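Asker: Next up is a structure, given as structure tokens.
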Amino acid sequence: MAEAKISIIADTGCDLDEKFVSDHNVKLIPFRIISDDGHEYRDRFDISAPDVVKLLENHDLKTSLPAIGDIKKTFDEVKAEGYDQAIVITISSKLSGTYSAISMTAKDYKDMKISVVDSLTLSMAEGFLVMDACDMVKSMNFDDIVKKIESRRASVKAHFVLDTIKYLKKSGRMPEAALSLSEILNLKPVFTIKEGHISLESISLGKKHALKVLEKKLDPNATKCAIAYTGSKDESELFANRFSNFKDIIVYYLGPALSLHGGKGTIGLIYT
């Protein structure tokens, strides 16, 4: 019997760079971004994150689940490439219905073994789990990879400082405790992803102090680390320089759909 071929699939919320996606043949299922002017874009495929941040200045944007057609197209593509097994890693099911939509669609593919794993996180925290899965494919079987990814979810951490709470508030994904925050006082919230939800960790007076709080979050035993940003690359690189002892730190622009909720000036610290 021929050895099973395992495809690794993720939604575009994983924020992995194009080189990694291409080198490991990771298939990405795009969220949709809908503008108040009637335009609809596939996250990453039709619109970039800097374009989203620019559009936010004059338009109301919202994110939506991946289209069923895009989910099916992805499964059809991996089948056509000879894969008979697929592991799909999604953004937290507490933040999006993507996990449910992909799980439901997967039931139509009886001739493929498909497991949909809820990352319970987002951005490169989800991306690190995808990277791990790509490594495991080389030496582990399907069921063991799924178990290992599920067990690793608890060790992946994501913290974010937002320059403005306006867009997260609009999205309805903002914790109740933070809804009354006033930007007049230049209060900067530090959020984390906890048990799949966005959770308010602390509030700082000014971004400088908030970044100091963020800096202290890094576990000294972490093996992978990434800095996410929207807006100023210089600011993110200066922040990344604070972790000079850390090898191969990834600095990246937050993906389009996530940039929409954070707005300009977001800085994130993700590690595992």
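Asker: Tell me which residues, restricted to region 26-60, are open to solvent by 50 Å² or more (accessible area, probe 1.4 Å) and either of a type in the set (Phe, Trp, Tyr) or on the phi > 0 side of the Ramachandran plot (or both).
Answerer: Hits for region 26-60 are Gly38, Arg44, Phe45.
Asker: Considering each residue of region 84-101, count those that are in a helix (DSSP H, G or I) and open to solvent by 20 Å² or more (accessible area, probe 1.4 Å), and give that number.
Answerer: Number of matching residues: 2.
Asker: Let me ask another. Of (1) open to solvent by less than 20 Å² (accessible area, probe 1.4 Å); (2) within 18 Å of Val146 (Cβ to Cβ), Lys5 satisfies all except one. Which?
Answerer: Only one criterion in (1) open to solvent by less than 20 Å² (accessible area, probe 1.4 Å); (2) within 18 Å of Val146 (Cβ to Cβ) is unmet by Lys5, namely (1).
Asker: For the structure I just gave you, tell me whether Lys212 is surrounded by fewer than 19 Cβ atoms within 10 Å (Cβ to Cβ), assigned to a helix (DSSP H, G or I) and modelled with pLDDT of 95 or more.
Answerer: yes
Asker: Within region 66-83, restricting attention to residues that are touching a strand residue (DSSP E or B) at 6+ places or on another chain (Cβ under 7 Å) and assigned to a loop (DSSP other than H, G, I, E, B), which residue is least open to solvent (accessible area, probe 1.4 Å)?
Answerer: If we take residues in region 66-83 being touching a strand residue (DSSP E or B) at 6+ places or on another chain (Cβ under 7 Å) and assigned to a loop (DSSP other than H, G, I, E, B), then Pro66 is least open to solvent (accessible area, probe 1.4 Å).
One line per residue, one yes/no per condition, for (1) modelled with pLDDT of 95 or more; (2) of a type in the set (Gly, Ala, Ser):
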{"residue": "Ile227", "(1), (2)": "yes, no"}
{"residue": "Ser232", "(1), (2)": "no, yes"}
{"residue": "Ser244", "(1), (2)": "no, yes"}
{"residue": "Ile250", "(1), (2)": "yes, no"}
{"residue": "Leu258", "(1), (2)": "no, no"}
{"residue": "Gly262", "(1), (2)": "no, yes"}
{"residue": "Ile267", "(1), (2)": "yes, no"}
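Asker: Return the residues of region 126-145 that are crowded, with 16+ Cβ neighbours inside 10 Å, among the hydrophobic types (A, V, I, L, M, F, W, C) and in contact with a helix residue (DSSP H, G or I) (Cβ under 9 Å, 6 or more places away or on another chain); say none if nothing qualifies.
Answerer: Answer for region 126-145, where residues must be crowded, with 16+ Cβ neighbours inside 10 Å, among the hydrophobic types (A, V, I, L, M, F, W, C) and in contact with a helix residue (DSSP H, G or I) (Cβ under 9 Å, 6 or more places away or on another chain): Phe128, Leu129, Val130, Met131, Ala133, Cys134, Met136, Val137, Ile145.
Asker: Could I ask something else about it? If you scan region 49-76, which residues turn out to be among the β-branched types (Val, Ile, Thr) and free of Cβ contacts under 8 Å to residues at least 40 places away in the same chain?
Answerer: Ile68
Asker: Can you confirm whether Lys19 is among the charged types (D, E, K, R), out of contact with any Phe, Trp or Tyr (no Cβ under 8 Å at 6 or more places or on another chain) and under 24 Å from Lys194 (Cα atoms)?
Answerer: no
Asker: If you take the residues in region 2-48 that are without any contact (Cβ under 8 Å) to a residue 40 or more places away in the chain and among the basic types (Lys, Arg), which one is farthest from Thr105 (Cα to Cα)?
Answerer: The residue in question is Lys19.
Asker: What pairs can you find where one residue is in region 238-252 and in a strand (DSSP E or B), the other is open to solvent by less than 50 Å² (accessible area, probe 1.4 Å) and among the β-branched types (Val, Ile, Thr), and their Cβ atoms are less than 6 Å apart, with a gap of 6+ or different chains?
Answerer: Val251/Ile227
The values are calculated or read from the model by the stated rules, or taken from the named source; none is laboratory data. Being a predicted model, the structure only gives us computed values, none of them experimental. When we count neighbours, we look across all protein chains shown, and the Cβ atoms used for this are built from the backbone with ideal geometry, even at glycine. Note: areas computed on protein heavy atoms with side chains; ligands, DNA, RNA excluded. Shrake-Rupley method; radii C 1.70, N 1.55, O 1.52, S 1.80 Å.
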